[in-house]
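Working notes for the structure below.
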């Protein structure tokens, strides 16, 4: 991930945390674990976000901290034009109430994996045969997490066929993902 992607992911992560657990923030260790970046990358980008007043930090001895998104950061994350201005080099995708970064290289699919999967799984839970449907969606998601050259198109195709045959309600949500994975 480049610095703009890291900053966006930090803001998005802190925004999600704030919505679920208002005021609790996120530790530097949790951010490192979630984003899978180096401590130097985290510190550099956290300082930038803090200087912009998009986050605030509670700092501890030894360099650890707790990060909270500020009201300015929340306004930014929830404002499409503002995000596009703040992160001009990112190809942002707005889908199913989520904002994500479109993947620009095949080495790192992390940014596109969450597009729609949470909502698709929630929708699958409402349907008959929900356990099998969720398993098929999870199988596609697992293949999406792999580098392109390691994906098994047979797993994707079999899972997709099952979903099309048994859950037409989630087909429109999943179809763009499957087409991308199969190169259609």
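Looking only at the range 67-76, which residues are closer than 13 Å to residue 31 by Cβ and surrounded by fewer than 17 Cβ atoms within 10 Å (Cβ to Cβ)?
none
Mind listing just one residue for me: the one in the range 171-184 that is buried (at least 17 other Cβ atoms within 10 Å of the Cβ) and modelled with pLDDT of 80 or more and, of those, nearest to residue 118 (Cα to Cα)? Write out each step before concluding.
Step one: filter the range 171-184 for residues buried (at least 17 other Cβ atoms within 10 Å of the Cβ), giving 173-174, 177-178, 181.
Restricting the remaining residues to those that are modelled with pLDDT of 80 or more gives 174, 177-178, 181.
On the way: 174: 11, 177: 13, 178: 15, 181: 18 Å.
So the residue we want is 174.
Of all residues in the range 132-165, which are assigned to a helix (DSSP H, G or I) and modelled with pLDDT under 85?
144, 145, 148, 149
The values are calculated or read from the model by the stated rules, or taken from the named source; none is laboratory data. What you see is a predicted model, and the numbers here were worked out from it, not measured in a lab. Quick reminder, even Gly has a Cβ in these numbers, built from the backbone with ideal geometry, and neighbours come from all protein chains shown.
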